[in-house]
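Worksheet: one structure, shown below.
The values are calculated or read from the model by the stated rules, or taken from the named source; none is laboratory data. This is a predicted model, so every value here is computed, not measured. Don't worry about glycine lacking a Cβ; one is built from the backbone with ideal geometry, like all the others, and counts go over all protein chains shown.
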Amino acid sequence: MTAIIETDGLGRDFRVRDGLRRKTVVAVDDLSVRIEPGEAVGYIGANGAGKSTTIKMLTGILVPTRGSVTTCGLRPVADRRRLAREVGVVFGQRSQLWWDLPVRDSFRILAAIHSLTPAVERARTEELVERLELDEFLGTPVRQLSLGQRMRAEVAAALLHSPRLVILDEPTIGLDVLSKQRLREFLVAERQAHGTTLLLTTHDMGDVERLCDRILLVDRGSLAYDGTLAGLSRTVGAERVLVVDLASPVPDLLDVPQARHLGSEGGGLRQRLAFDPDTVTAAQVLAGVSEHGEVLDLAIEEPDVEEIVRRVYAGRR
Amino acid sequence: MADLSIAARTAPYRAVLAARIRAQRTYRSNFLLDLASSLLIGLVELAEVWVVFRSVDSLGGLDLAAIVLVFGLADVAYSLADLAFGHCDTLPTYLRAGTLDVFYLRPQPLLLQLVTSDISLRRLARAGVGVVAVVVGLSINDIAWSASAVGLLVLSLASGVATFAAMFVWAAGAQFFLLDGAEATNAFVYGGRYAATQPASVWDRPLKVVFGFFFPMAFAAYLPVVTLLGLPGSEWMPSWLGWCAPLAALWMWGLALLTWRTGVRHYQGGGG
């Protein structure tokens, strides 16, 4: 089977002005990945790690400096117009909708842009409107939509022409929990129904956990990890964080056995302690804390994407 | 997909333009205000020409009647080009906001998408002023009407629109390099529009090089009027040069497309 995305030694430099001189910044370096049709891949990394640059090279917006890239079996820059019919892209920050027109009109224009036949247009629009629950604001101008509504409309706009590959750049950024949940459910269903390949960049661990069965982690432009989320957590150690609220201010809890003090708030009313679940239980750490003061409330935090990324980066340096 | 008829191929552009026109009509009072202010600007500029030429008998070999025709032709050509191509100057906004990338994700050529992304109907008011000036100009001048005179008029109007349109495309292409350079290109676009309404015969040589030939503004109205009225030419600009307006338009389009192409390459980083 042919890969839907295949890059080999892909790289991209930018020439930037640094005072009077110009210097070369390497945004992406030696990226070689292969993504098969139907996969759901999380593309994660710190800001400036080269995620957006990679997406732009995959879609033919930027010309690579080095290496080769094939998307849907096409050369992105040379075959940009053909590729546009196979790929749908959702940019969390850039709208593809017409801000002063009702959502419905944007869909009609996009259907014309992608030369959909009236029957296909009707069926697909109906499907998307139903699955993304757009009907309540279909007649509302885009500029009057809430962020959650707009993102759902953006996703529908990018998927209207039933692309084989959907690339989502920070699709859930700024959304409330419910909107995120709806969007993720939709993407899971869309993938099941049409076998769509998903590639998404995100800072949200929930996106990765619920949507992706593979993770690509980039560090300073090159690939630092390629595998499952579980594998990644194993590699970097799944350290958890216990957050405790105490009845009265307590000096920093620096001597709780097998736990590391991360920080305090409110003069010691709330403290954060990291521990490794493989060597100590949360109950043991809690018992250690209780020796110093009365615990009113507690929470246990899983590592988020930033934290995992930070640990991978730290291990490489 | 395989349908290659004109209707099918233009459907994407027609869909956008129809929506833009609908949107402009939705905000009716806004649109009327735009129309009125655009009309006012056109009238003020026509008045300026009248004031200047009332105090002299002739300037650069043109009298008031001839200059009204020059003004009218240039203004009609510019307004029509502005109506269809003027919004190309929003490119810097797209570049800064990154929304140009959205054009890359659609299966149409970038430049065609940009050109058909909007249409400014309010320029119709401005074109109206120009049309009135042309009609008045044609009736008060002593013109030897013939088939070739009509041909010259139609040819120069079409070429003028094309030249100004190319000017907008050239300016947009230059934005890829300049980023905050709209001011710089506006000097040529608006300066060029103004130059087109003036008798090129009074310009000194550097000005003739820039707005006479490099940006061929003299070909939009002045030279065709000289040819039409059978007036004597001036230095570098013989009387028959008015017939070359289509060549000027071709030259400007060549320049515009080259600049656009280089600009796009620069944006994508594929080498300039």
Count - residues of region A:155-191 that are surrounded by fewer than 20 Cβ atoms within 10 Å (Cβ to Cβ) and among the small types (Gly, Ala, Ser): 4
From A:ARG85, A:ARG66, residue being at the interface with chain B (Cβ under 10 Å from one of its Cβ atoms) and either surrounded by fewer than 22 Cβ atoms within 10 Å (Cβ to Cβ) or hydrophobic (A, V, I, L, M, F, W, C) (or both): A:ARG85
Condition broken by A:GLY60, with the remaining ones in (1) on the phi > 0 side of the Ramachandran plot; (2) away from chain B (no Cβ under 12 Å) satisfied: (2)
B:PRO206 in contact with a Ser or Thr (Cβ under 9 Å, 6 or more places away or on another chain) and at negative phi: no
Filter result (free of Cβ contacts under 8 Å to residues at least 60 places away in the same chain and in a helix (DSSP H, G or I)) within region B:38-59: B:LEU40, B:VAL44, B:ALA47, B:GLU48, B:TRP50, B:VAL51, B:VAL52, B:PHE53, B:ARG54
Scan of region B:86-144 for residues that are over 30 Å from A:SER52 (Cβ atoms), polar (S, T, N, Q) and over 15 Å from the mean Cα position of the chain (by Cα), ordered by number: B:SER139, B:ASN141
Filter pass, B:VAL70 being more than 30 Å from B:LEU178 (Cβ to Cβ), at pLDDT 90 or above and away from chain A (no Cβ under 14 Å): yes
Residue in region A:28-35 that is hydroxyl-bearing (Ser, Thr, Tyr), within 14 Å of another protein chain (Cβ to nearest Cβ) and more than 24 Å from A:ALA157 (Cβ to Cβ) present: no
Members of region B:60-107 that are touching a residue at least 12 places away in the same chain (Cβ under 8 Å) and assigned to a strand (DSSP E or B): B:LEU62
Members of region A:143-165 that are part of a helix (DSSP H, G or I), of a type outside the set (Gly, Ala, Ser) and either out of contact with any helix residue (DSSP H, G or I) (no Cβ under 6 Å at 6 or more places or on another chain) or modelled with pLDDT of 95 or more (or both): A:ARG143, A:GLN144, A:LEU147, A:ARG150, A:MET151, A:ARG152, A:GLU154, A:VAL155, A:LEU159
Unique match (being closer than 23 Å to B:GLY130 by Cα and without any contact (Cβ under 8 Å) to a residue 40 or more places away in the chain) among B:PHE211, B:PHE168, B:PHE215, B:PHE164: B:PHE211
Segments classed as strands (runs of 3 or more DSSP E), wholly inside region A:188-245, with at least 1 members that are assigned by TED's automatic domain parsing to the domain that holds A:GLY42 and out of contact with any strand residue (DSSP E or B) (no Cβ under 8 Å at 6 or more places or on another chain): A:214-219
Residue in region B:101-124 that is surrounded by fewer than 18 Cβ atoms within 10 Å (Cβ to Cβ), within 14 Å of chain A (Cβ to nearest Cβ) and either closer than 16 Å to B:GLY160 by Cα or modelled with pLDDT under 90 (or both) present: no
